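Peer 1: Mind looking over this structure? Questions follow.
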Amino acid sequence: MAGEPQDDCLFCKIVAGQVPATIVRETDTTVAFRDINPQAPTHVLVIPKAHYKDAAVLAAAAPDLAADVLRETQAVADEDKLDSYRIVFNTGSGAGQTVWHAHAHVLGGRGLEWPPG
């Protein structure tokens, strides 16, 4: 069920403290931690503590929680003193989503050209 922790979800395990992560921020509803394979000097993932498989499901089922995630992306950028940054939600395997728990990538600290990649 949406919102419930999933036993096989890496990010649910990070929320539960079962898998280590370099946590940079935590609120009642979100956790932000450094990506283990950073693509920029700042590369932080912001996730809802509740499990939703992707950004589309999160936005439809829990818009207030989706807003919490977005607010935290700004807080991460402020803490890392980023003047500009990119927020990326990969939704679906064709877009590069590999962990099926909604998450925002906060990328910054270097020039970020468009289109990416």
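The values are calculated or read from the model by the stated rules, or taken from the named source; none is laboratory data. Computed from a prediction, not measured in an experiment: that's the story for all the values here. No Cβ is skipped: glycine too gets one built from the backbone with ideal geometry, and neighbour counts run over all protein chains shown. Just the protein is used for accessible areas: all its heavy atoms, side chains included, with ligands, DNA and RNA removed. Shrake-Rupley method; radii C 1.70, N 1.55, O 1.52, S 1.80 Å.
Peer 1: Based on what the data block shows, is Val19 of a type in the set (A, V, I, L, M, F, W, C), surrounded by fewer than 19 Cβ atoms within 10 Å (Cβ to Cβ) and touching a Lys or Arg at 6+ places or on another chain (Cβ under 8 Å)?
Peer 2: Taking the combined requirement at face value, the residue satisfies it.
Peer 1: Another question, then. Contact list please: Cβ distance under 6 Å, first residue in region 77-98 and without any contact (Cβ under 8 Å) to a residue 12 or more places away in the chain, second residue surrounded by 10 or more Cβ atoms within 10 Å (Cβ to Cβ) and in a loop (DSSP other than H, G, I, E, B), pairs at least six apart or on different chains.
Peer 2: Gly96/Asn90
Peer 1: Oh, and also: Could you list, ordered by first residue, the pairs with Cβ atoms under 7 Å in which the first is in region 42-62 and under 17 Å from Pro5 (Cβ atoms) and the second is of a type in the set (Ser, Thr, Tyr) and open to solvent by 10 Å² or more (accessible area, probe 1.4 Å), at least 6 apart or interchain?
Peer 2: As it stands, the answer is Pro48/Thr29; Lys49/Thr29; Asp54/Thr91; Leu58/Tyr52; Ala61/Tyr52; Ala62/Tyr52, since those pairs meet every condition given.
Peer 1: Still on this structure, I have one more. Which of (1) surrounded by 14 or more Cβ atoms within 10 Å (Cβ to Cβ); (2) over 12 Å from the mean Cα position of the chain (by Cα) is the odd one out, the single condition Asp28 does not satisfy?
Peer 2: Status for Asp28: all satisfied but (1).
Peer 1: Still on this structure, please answer the following. Report, ordered by the first and then the second residue, all pairs with beta carbons closer than 7 Å, sequence separation of six or more or different chains, a first member in region 2-26 that is farther than 20 Å from Gln74 by Cβ, and a second member that is open to solvent by 70 Å² or more (accessible area, probe 1.4 Å) and modelled with pLDDT under 95.
Peer 2: The qualifying pairs are Cys12/Pro5; Ala16/Pro5.
Peer 1: In region 41-68, how many residues are out of contact with any Lys or Arg (no Cβ under 7 Å at 6 or more places or on another chain) and open to solvent by 40 Å² or more (accessible area, probe 1.4 Å)?
Peer 2: The total comes to 9.
Peer 1: Here is a further query. Taking into account only those residues within region 1-14 that are modelled with pLDDT of 95 or more and open to solvent by 50 Å² or more (accessible area, probe 1.4 Å), which is farthest from Leu107 (Cα to Cα)?
Peer 2: It comes out as Lys13.
Peer 1: Phe33 versus (1) in contact (Cβ under 8 Å) with a residue 24 or more places away in the chain; (2) open to solvent by less than 20 Å² (accessible area, probe 1.4 Å): which is the lone unmet condition?
Peer 2: (1)
Peer 1: What number of residues in region 69-96 are charged (D, E, K, R) and open to solvent by 70 Å² or more (accessible area, probe 1.4 Å)?
Peer 2: Counting residues in region 69-96 that are charged (D, E, K, R) and open to solvent by 70 Å² or more (accessible area, probe 1.4 Å) gives 5.
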